[in-house]
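Derivation of every value follows stated rules applied to the coordinates shown; laboratory data play no part. These numbers come from a predicted model, not from an experiment. With ideal geometry, Cβ positions are generated from the backbone for all residues, glycine too; neighbour counts draw on all protein chains shown.
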Amino acid sequence: MSVELVLQSVGFDYGRGHRAVDGVDMRLGAGVLGLLGPNGAGKSTLMRILATLAKPSAGQVTWNGHDIAREPNRLRAVLGYLPQDFGVYDALDAREFLGFLAAVKGLAGKAARARIDACLERVGLADTGDRRLGQFSGGMRQRVGIAQALLNDPALLIVDEPTVGLDPDERMRFQHLITDLAGDRLVILSTHIVSDVEASASAIAVMAAGQLRFHGTPGELIARAAGHVWEWTVPEAQLATVRGAHTLVASLRTPDGIRVRVVSEGAPDAHAQPAAPGLQDAYAWLLNGAH
Ligand SMILES: Nc1ncnc2c1ncn2[C@@H]1O[C@H](COP(=O)(O)OP(=O)(O)OP(=O)(O)O)[C@@H](O)[C@H]1O
C-alpha cells in the first residue's frame with residue numbers, strides 16, 4: 001500500500017478575507033498524525049480538504065503524486081472519514097447501518113457481510129451488531145463511526161475530533177483503538193485534547209489561527225519545552241494570581257497547598273523547581289510561551 005500525502009502551501013478562504021487555513025506545508029507517510037489545535041484553529045477545514053469535501057483556495061494536495069482536487073476519486077477509493085458531526089440512524093441496528101453504507105460504497109453480498117463482521121470485531125462491537133443504534137452510548141456510536149470508515153480498508157483514515165462528548169473510559173478505549181489501527185496506513189486524528197494523541201501519534205502537527213505552528217515527532221515538540229516547565233506549591237488563595245500571571249498547565253491539591261505546573265521562559269517564582277516536560281507542557285509552551 002503506497003501512502004504519501006503532500007500538502008503544499010494549502011490555504012482555504014471562507015470569504016470576506018477570512019483565511020481559515022493559511023499556507024500549510026506537510027509531507028505525510030504511514031503512521032498516526034495527531035493534529036492538535038484550539039477550537040477555530042482550522043483543523044476541520046483542513047480535514048475536509050484532505051477528505052476531498054472542499055477544494056483548497058490556494059496550494060495543492062497530492063495523494064501518491066496525484067492532485068486530489070483534480071482526481072478526487074483516486075483518493076476517495078482508499079479513504080475512510082469520520083466527520084466531527086457523524087450521525088447514525090437510531091432505528092437501524094449496527095449491522096444494518098453498516099450494510100447500508102457498504103452498499104453506498106459499492107460493497108454488497110457475502111463480501112460486504114464478511115467485511116462488516118470484520119469491522120465490528122475490529123472496533124469491539126461484534127456482540128452488539130444486532131442492537132439498535134438508538135440504544136448505543138456516545139462511545140459506541142463513535143466506534144460505529146470508525147467501523148464505517150474502515151469498510152473499504154482505507155489507506156488514509158481521517159478522524160475529526162472523535163472523543164468529544166465521551167466519558168473517560170470511552171475516551172481511553174477510543175485512544176487504544178486508534179493505536180491498533182495504525183499499521184501501514186496513514187491515520188490523521190484531529191483534536192484539541194493532547195491526551196487523545198499521546199499514546200498513538202507517531203507525528204504531531206499543531207495548528208493555530210489557520211497556520212501550521214509545528215510538525216514533527218512528539219519527542220521533537222517535547223524537546224522544545226526543555227528548561228521551560230516549572231512546579232511549586234502555593235496556598236490555595238494564590239492560585240488565581242498564578243493563573244493570571246503565568247501559563248498554568250496543571251494544578252494538583254496536596255496536603256501542603258496547590259502544586260502548580262507552569263510553562264515559562266525562566267523561573268516564575270523563587271520556589272519554582274524545573275520539571276521534565278511532557279507533550280501537554282510542550283503544546284502549551286508552543287502556543288502560549290515560546291517566542
Ligand atoms: N462554514 C463556515 N463559514 C465561515 N467560516 C467558517 C465556516 N466553518 C468554519 N469557519 C471558520 O473557520 C475557522 C476555522 O474553523 P474550523 O472549524 O476549521 O476550526 P477547528 O480547528 O476545526 O475548530 P473546531 O474544533 O472548533 O471545529 C474558524 O474561524 C471558523 O469560525
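Couple of notes before you dig in:
- Label-to-label distance for Asp167 and Ser202 is 3.4 nm, based on points extended 7 Å past Cα in the beta-carbon direction.
- The distance separating the Cα centre of segment 46-80 from that of segment 153-188 comes to 21 Å.
- If R0 equals 51 Å, the separation of the Cβ atoms of Asp25 and Ala126 corresponds to a calculated FRET efficiency of about 0.80.
- Stretching Asp90 away from Asp13 to a fully extended chain increases their span by 24.2 nm, per 0.36 nm per residue minus the current alpha-carbon distance.
- Where a label projected 7 Å from the Cα of Ala103 along Cα→Cβ would reach, residues of segment 133-175 with amide N under 11 Å: none
- 11 Å beta-carbon shell around Trp232, net charge (K/R +1, D/E -1): -1
- Computed Kirkwood radius, in angstrom, where 1/r is averaged over Cα pairs of the chain: 20.7
- Note on the chain: helix-only mean residue ellipticity at 222 nm, from DSSP H runs of 4+ residues weighted -39500 (n - 2.57) and normalised by residue number, equals -8500 deg cm²/dmol.
- Among beta bridges that DSSP assigns inside the chain, antiparallel share in %, nearest 5: 65
- For segment 1-96, the list of trypsin sites (Lys or Arg not before Pro) that fall in a loop by DSSP and count at most 16 other C-beta atoms within 10 angstrom reads Arg16, Arg70.
- Pairwise Cα inverse-distance average, inverted: Kirkwood Rh of segment 223-289 (Å): 11.7
- Tensor-based shape of segment 126-242 (alpha-carbon gyration tensor, a/c under 1.5 rounded, otherwise prolate or oblate): oblate
- Working note: Cα gyration tensor of segment 104-167, eigenvalues times five, square-rooted, sorted largest first, giving semi-axes of 20, 16, 9 Å.
- If you take all other residues with their beta carbon under 9 Å from the beta carbon of Gly11, and give Lys and Arg +1 and Asp and Glu -1, the sum is -1.
- For the pair Leu252 and Ala118 in one chain, pulling the backbone fully straight at 0.36 nm per residue adds 43.9 nm over the alpha carbon distance.
- Net charge in the neighbourhood of Asn73 (other residues with Cβ under 15 Å of its Cβ; Lys, Arg +1, Asp, Glu -1) is +3.
- A straight Cα-to-Cα reach below 13 Å connects Lys105 with the aspartates and glutamates Asp153, residues fewer than 8 places away in its own chain not being considered.
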